[in-house]
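Please read the structure below before turning to the comments.
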Amino acid sequence: MKQSAVMSTESRTKFLNRKDLIAYFLVAGTGAIVQLVCSSLIQDWFDLTLTQSVWPSYIVSFGVGFVLTKFFAFDARRTNQTRREMVKFVMVAIFSGFVMDLAVRFAVFIANSNFDLIEYQIPHSKKIVDVTGLICYVFGMGCSFISNYTLHKTFTFQSTGFYDRLKTLIK
């Protein structure tokens, strides 16, 4: 009995815990779908470029991300530290947003310099998908996924003392 309790605690604290990683991948995948759909709609409705649509779509998917990450990815439902986690989550999200933005811009630069534009028209639709841009966007989202997972696992949903120091500094 004691051994199973120890194993359960060890699996929760291990950084690359398979359960957390799979749960976070599914949660991030949901956020990624929301972000991609929002980005496509924003590009069409407001006549923006791919790189211009990154931040607005990231902000829209932000709310979905916090709720899903807190409740499903890292099993932090009963921490009673939601305000603290929200402050940390916003900090991590801003950092990861910049990671994604830079990665998308870098990938677009490389793609435009070295490859031909690949487009695909959705059958029975007027919608033309920029496949090259989509690949660049997914690359940026992958970079953001890595920074998000790492920082949420080690900072946002852990008691680090950072929030208490920040609160003291603000007062």
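The values are calculated or read from the model by the stated rules, or taken from the named source; none is laboratory data. On a predicted model such as this, the values are computed, not experimentally measured, just so you know. All Cβ positions, glycine included, derive from the backbone under ideal geometry; neighbour counts span all protein chains shown. With ligands, DNA and RNA removed, areas are computed over all heavy atoms of the protein, side chains included. Shrake-Rupley method; radii C 1.70, N 1.55, O 1.52, S 1.80 Å.
Restricting attention to helices (runs of 4 or more DSSP H) lying wholly within the range 82-171, give those where 2 or more residues are surrounded by 18 or more Cβ atoms within 10 Å (Cβ to Cβ) and among the aromatic types (F, W, Y).
Values: elements: 82-114, 131-151, 162-170.
Counting at least 2 such residues, we get 131-151.
Any chance you could count how many residues in the range 30-46 are more than 14 Å from V129 (Cα to Cα) and open to solvent by 70 Å² or more (accessible area, probe 1.4 Å)?
Selection size over the range 30-46: 3.
Do we find a residue being at pLDDT 95 or above, open to solvent by less than 40 Å² (accessible area, probe 1.4 Å), over 18 Å from T150 (Cβ atoms) and small (G, A, S) anywhere in the range 58-67?
Within the range 58-67 (the criterion being at pLDDT 95 or above, open to solvent by less than 40 Å² (accessible area, probe 1.4 Å), over 18 Å from T150 (Cβ atoms) and small (G, A, S)), the answer is no, since none of the residues qualifies.
Answer with yes or no whether K171 is of a type outside the set (A, V, I, L, M, F, W, C), out of contact with any strand residue (DSSP E or B) (no Cβ under 9 Å at 6 or more places or on another chain) and without any contact (Cβ under 8 Å) to a residue 60 or more places away in the chain.
In short, yes.
Charged (D, E, K, R), without any contact (Cβ under 8 Å) to a residue 12 or more places away in the chain and touching a Phe, Trp or Tyr at 6+ places or on another chain (Cβ under 6 Å) - does that describe any residue in the range 39-48?
No: the range 39-48 contains no residue that is charged (D, E, K, R), without any contact (Cβ under 8 Å) to a residue 12 or more places away in the chain and touching a Phe, Trp or Tyr at 6+ places or on another chain (Cβ under 6 Å).
Restricting to the range 110-132, give me the number of residues that are touching a residue at least 12 places away in the same chain (Cβ under 8 Å) and among the small types (G, A, S).
1
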